[in-house]
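Engineer: For reference, the structure I am asking about is given below.
The values are calculated or read from the model by the stated rules, or taken from the named source; none is laboratory data. All values derive from a computational prediction rather than experimental measurement. We place every Cβ from the backbone using ideal geometry, glycine too, and count neighbours over all the protein chains shown. Note: accessible area is taken over every heavy atom of the protein model, side chains too, but ligands, DNA and RNA are not part of it. Shrake-Rupley method; radii C 1.70, N 1.55, O 1.52, S 1.80 Å.
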Amino acid sequence: MPSVLYQSDLPGLDLVHRGKVRDVYALDAQRLLIVASDRLSAFDVILPDPIPGKGEILTTLSNFWFARTAHLMANHLTGDAVESVLPAGIDVASYRQRSVVGKRLRILPVEAIARGYLIGSGWKDYQATGSVCGIRLPAGLQIADALPEPIFTPSTKAAIGDHDANIGFDEVVALVGADLAERVRDATLSIYRFAADYAASRGILIADTKLEFGVDEGGTLYVADEMLTPDSSRFWPADAYQPGRNPPSFDKQFVRDYLETLDWNKSAPGPRLPAVVIAGTVARYREALERLTAPQG
C-alpha cells in the first residue's frame, strides 16, 4: 500500500519552501531535501484531498527521466540516500520513495514549457490570436492537433493561488538574460523531443510538458524539481488520440474536467473531491508510471 502524506513534518530541519506539491528543507549550504507530498493542485489552487501515493509516483517517474536524460542535461540530484539525511525518529518508509536530495540552486523565474500538440492555454491563445507565446502557427488548426514541430512556450511562475501567464521569448530574455534564455529553450526542446519519442514507443503521446531549471554559483544549468510527470505534463493514450477532440489522459486533466462541472470560481479554497475522482486519478497516474517504466521484452 502506498503511504499517504498531505504535509511533511521533519523536526530539526529548516523548511525553506512549501509549494503546491513539494516541501523543501535545507540540509546544508549545498543540499536540499525535497519531499513530494500527495497534495494536488488544479488551476493553481491546492485541493483539500490528498491523492494517495501520488508523491511516490511523481518521484519514481522523475528519477526515471532524470536518469534517461542525463546525457542531454545535468540534473539536480546528488545521489545521496534519503535515509541518510532524515532526522532521527522519522518513519523512513513514509519518506524514502517520495523524497530526493538535490543541489541548492538559483531556480529561474520561468516555467519552461514545450508543446507538441495544441491544447490547454495554447489552444485558447491560438483561438484568440493565431499564435502561442508570440509564435505564429498555421491557420485552421483544430484542438489537439499535432504542431508542425515542437515549440517553446514559457510562462510566468505564479505564487500559490495566482495563475501562470504565457509569455514570449523576449520576456524570458528580460528575466534571465539572452544566453541563459537560449540555453533553457534549447534544453527544454531537446528533452521534450527525446521523451516524446520514447513515450510514443510505450503508447503514450506527450502533448506538452513543463520543466524547471536552476543554476549553481558557477553558472552551470541544471534541470530540477520534477520531470515529465502526470503533474507537469499531458500524457495521452496514443490509441485513443484523435485530432479535433480533447483526448482522454493519464494526468490531472481528469481532475480539471471534473472541476469544470462545478460552480467554482477557481480561487481558494478548492472543493473536495469525491472518492471516485480520487480513485480515478490514482489509477491514471499509476498506469502512466507503469507504461513508461516497465521493462520490455
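Engineer: Identify all residues within segment 114-130 that are open to solvent by less than 20 Å² (accessible area, probe 1.4 Å) and either more than 16 Å from Gly244 (Cα to Cα) or among the basic types (Lys, Arg) (or both); write none if there are none.
Structural biologist: Ala114, Arg115, Gly130, listed by residue number.
Engineer: Can you tell me which of (1) free of Cβ contacts under 8 Å to residues at least 40 places away in the same chain; (2) over 18 Å from the mean Cα position of the chain (by Cα); (3) within 22 Å of Asp231 (Cβ to Cβ) is the one Ser84 doesn't meet?
Structural biologist: Status for Ser84: all satisfied but (3).
Engineer: Between a residue in segment 169-193 that is in contact (Cβ under 8 Å) with a residue 60 or more places away in the chain and among the aromatic types (Phe, Trp, Tyr) and any residue that is in a loop (DSSP other than H, G, I, E, B) and buried (at least 18 other Cβ atoms within 10 Å of the Cβ), which pairs come within a Cβ distance under 9 Å, given they are 6 or more apart or on different chains?
Structural biologist: Tyr192/Leu228
Engineer: With Ala199, Ala181, Ala146 as the choices, which residue is under 30 Å from Arg286 (Cα atoms), at pLDDT 95 or above and surrounded by 19 or more Cβ atoms within 10 Å (Cβ to Cβ)? Walk me through it before giving the result.
Structural biologist: Numbers: Ala181 fails: under 30 Å from Arg286 (Cα atoms); Ala146 fails: surrounded by 19 or more Cβ atoms within 10 Å (Cβ to Cβ).
None of the other options fit; the residue is Ala199.
Engineer: Ala174: over 27 Å from Gly19 (Cα atoms) and exposed (fewer than 13 other Cβ atoms within 10 Å of the Cβ), yes or no? Step through it out loud before you land on a result.
Structural biologist: Working: over 27 Å from Gly19 (Cα atoms): no; exposed (fewer than 13 other Cβ atoms within 10 Å of the Cβ): yes.
Here the answer is no, as Ala174 does not meet what is asked.
Engineer: Quick one: which of Pro243, Pro247 is open to solvent by 50 Å² or more (accessible area, probe 1.4 Å) and of a type outside the set (Lys, Arg)? If you could, list the steps in order and put the result at the bottom.
Structural biologist: Numbers: Pro247 fails: open to solvent by 50 Å² or more (accessible area, probe 1.4 Å).
Testing whether each residue is open to solvent by 50 Å² or more (accessible area, probe 1.4 Å) and of a type outside the set (Lys, Arg) leaves just Pro243.
Engineer: Hey, can you tell me all the residues within segment 230-259 that are under 19 Å from Val277 (Cβ atoms), of a type in the set (Ser, Thr, Tyr) and under 19 Å from the mean Cα position of the chain (by Cα)?
Structural biologist: Passing the criteria: only Ser249.
Engineer: Whether any residue in segment 258-270 is acidic (Asp, Glu), touching a Lys or Arg at 6+ places or on another chain (Cβ under 9 Å) and exposed (fewer than 13 other Cβ atoms within 10 Å of the Cβ) is what I want to check.
Structural biologist: From segment 258-270, those acidic (Asp, Glu) are 260, 263; that's our starting set.
Remaining after also requiring touching a Lys or Arg at 6+ places or on another chain (Cβ under 9 Å): none.
Checking segment 258-270: not a single residue is acidic (Asp, Glu), touching a Lys or Arg at 6+ places or on another chain (Cβ under 9 Å) and exposed (fewer than 13 other Cβ atoms within 10 Å of the Cβ).
Engineer: Right, something else. Need pairs with beta-carbon distance below 7 Å; first residue of a type in the set (Lys, Arg) and within segment 131-156, second not in a strand (DSSP E or B); sequence gap 6+ or separate chains.
Structural biologist: Going by the 7 Å Cβ cut-off, the qualifying pairs are Arg136/Gly130.
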